[in-house]
Amino acid sequence: MTGGDEQTPRRVALLRGVNLGGGRMLPMALLRDLAAGLGWTDVATHLQSGNLLFRAPGGADEVARALSEAVRSGAGLAVDVVIRTGPELCVLVDDHPFADGDPSRVVIACCDRPVGELAARRLADLATGRERVELAASGTDVYADFPDGQAGSRLAAGLVASLRPATGTARNLRTMGRLVELLRR
């Protein structure tokens, strides 16, 4: 997979479970180098939690697979990768249903395939108290609101696992909003 120019869509890769401790450290400089080594352009990272902005041709699955393989071979880490285009991420952020929520406590989980009805029910069953969860119109993304925080939340603890068979990764609305800003540059 090579190249990328202004005609190639700007995207974000969301890597699951890196730099959260437990020996799954991936320096963002290495992530940028791995992406550039794939021939991708306009490569940048945001924060230390596996948010990569880039341009690359190919479908989302192909791009995710290429990055996952590059991280495995270049850093020795097996990571799940979910890809969103700039317009897809903009819609997710603009359409989030919890406008009254704290952006640091509203989460968007992006998945690699549609979230099934069973997974959606599992998520709803995990929500307690004032927590809210809603499937996005895309069918592949989930919004969750944790007004009392994520510590001790069954929904927060089970969010990604409950999405199976879809693979997902979550970011708070503040981070997603910043990624949208960076994608628009």
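The values are calculated or read from the model by the stated rules, or taken from the named source; none is laboratory data. Please read all numbers here as calculations on a predicted model, not as lab measurements. Neighbour counts are summed over all protein chains in view; Cβ atoms, including those assigned to glycine, are modelled from backbone coordinates with ideal geometry. When the accessible area is computed, the model is the full protein with side chains, heavy atoms only, and any ligands, DNA or RNA have been set aside. Shrake-Rupley method; radii C 1.70, N 1.55, O 1.52, S 1.80 Å.
Within the accessible area of segment 1-109, the carbon and sulfur atoms contribute 50%, probe 1.4 Å, all protein chains present.
The C-alpha atoms of segment 74-174 occupy a region whose extents along the principal axes are 42, 28, 26 Å, arranged from largest to smallest. For the chain, the solvent-accessible area of protein heavy atoms averages 47 Å² per residue (probe radius 1.4 Å; ligands and nucleic acids excluded). For segment 41-95, the orientation-averaged shadow of the C-alpha convex hull comes to 4.4 nm² (one quarter of the hull surface). Each residue, ARG65 and ASP102, gets one label point 7 Å from its Cα in the Cβ direction; the gap between the two is 4.2 nm.
What distance in nm separates the two pseudo spin-label positions at ALA124 and THR8, each 7 Å out from Cα along the beta-carbon direction? Result: 4.2 nm between the two label points.
Could you calculate, for segment 82-122, the ratio of the Cα radius of gyration to the Kirkwood radius, expressed as Rg to Rh? The Rg/Rh ratio comes out at 0.99.
What does the helix-only formula give at 222 nm for the chain: each DSSP H stretch with n ≥ 4 adding -39500 (n - 2.57), the total divided by the residues, and the result rounded to the nearest 500 deg cm²/dmol?
Details: 6 runs with 65 residues, N = 185.
Per the formula, -10500 deg cm²/dmol.
Max-minus-min Cα coordinates of segment 21-149 on each principal axis give 46, 32, 27 Å, with the largest extent listed first. Mind giving me the FRET efficiency for MET25 and ALA137? R0 is 45 Å, r the Cβ-Cβ distance, nearest 0.05 is fine. With a Förster radius of 45 Å, E is 0.80.
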